[in-house]
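No lab work stands behind these numbers, since they all come straight from the coordinates. Computed from a prediction, not measured in an experiment: that's the story for all the values here. Positions of Cβ are backbone-derived with ideal geometry, glycine not excepted, and every protein chain shown enters the neighbour counts.
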Amino acid sequence: MTAPGSGRAHRFRSARRVPAALTALAVLGVAGLFLYDLAAVRAGRPAMNWRHDLAHRLETQTPADLSVQVTGGALAVAGAVLLLLALTPGLRRILTMRAPGEGAAVRAGLGRKAAAQVLRDRAMEVSGVRSVRVKVGRSRIGVRATSHFRELDEVRADLDAVLAVGVEELGLAHPPHTRVRVRR
């Protein structure tokens, strides 16, 4: 999305951020509640009524027990994974497209496979190209072409020109660099 006046297109983010953050907060809240109740019991205050059984189990098992350490480690790893998922963008296969004008509230994206297919079709129109493989990444487009009757330098030059126009017409906010390899 392009913020008004900034001229910068932001990447798409996965909808998993909010559920992952809420789950992590819920797990943190439950763990904090358990810790509070354990501390209250150790301080001589009465535990919550529905938690007397759990408090008795916690009194008999110490943090030195292997089962307590494994469970605590598993919960810590699960919480770290949930927080990592909440903070990282998840829709990396979508390339952000330019906004149509200043301050436009329109967001558009193009899948990497769709962009690769469009560029492959353009490259196949070049004279002398027998087959093409196109791989589109976030910062680079890799093109491998096989030529069968023209000079390789001429085919490479034509491919560079056609692909430059094709990438421009895709309308990407951050156009990737093109790397072309031609062989017989």
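Quick rundown of the values:
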item: Separation of alpha-carbon centers, region 162-176 and region 120-140, rounded to whole Å; result: 13 Å
item: Sequence-separation-based contact order of the chain, relative, with Cα cut under 8 Å and 6+ spacing, percent; result: 22 percent
item: Positive-end residue, region 37-184 charge dipole about Cα centroid, Cβ charges, pick of 134, 87, 177; result: 134
item: Entry for Rg/Rh (Cα atoms, Kirkwood Rh) (calculated from the structure that is shown) out of [x] 1.06; [y] 1.15; [z] 1.31; result: [z]
item: Gyration tensor verdict on region 65-133 (Cα atoms; rounded if a/c is under 1.5, prolate if a/b is larger than b/c, oblate otherwise); result: oblate
item: MRE, 222 nm, helices only [DSSP H, n ≥ 4, -39500 (n - 2.57), over the chain, to nearest 500]; result: -16500 deg cm²/dmol
item: Options 34, 145, 165, ranked by Cα towards positive dipole end of the chain, top entry (Cβ charges); result: 145
item: Dipole in debye (nearest 20) - the chain, about Cα centre, beta carbon charges: Lys, Arg +1; Asp, Glu -1; result: 480 debye
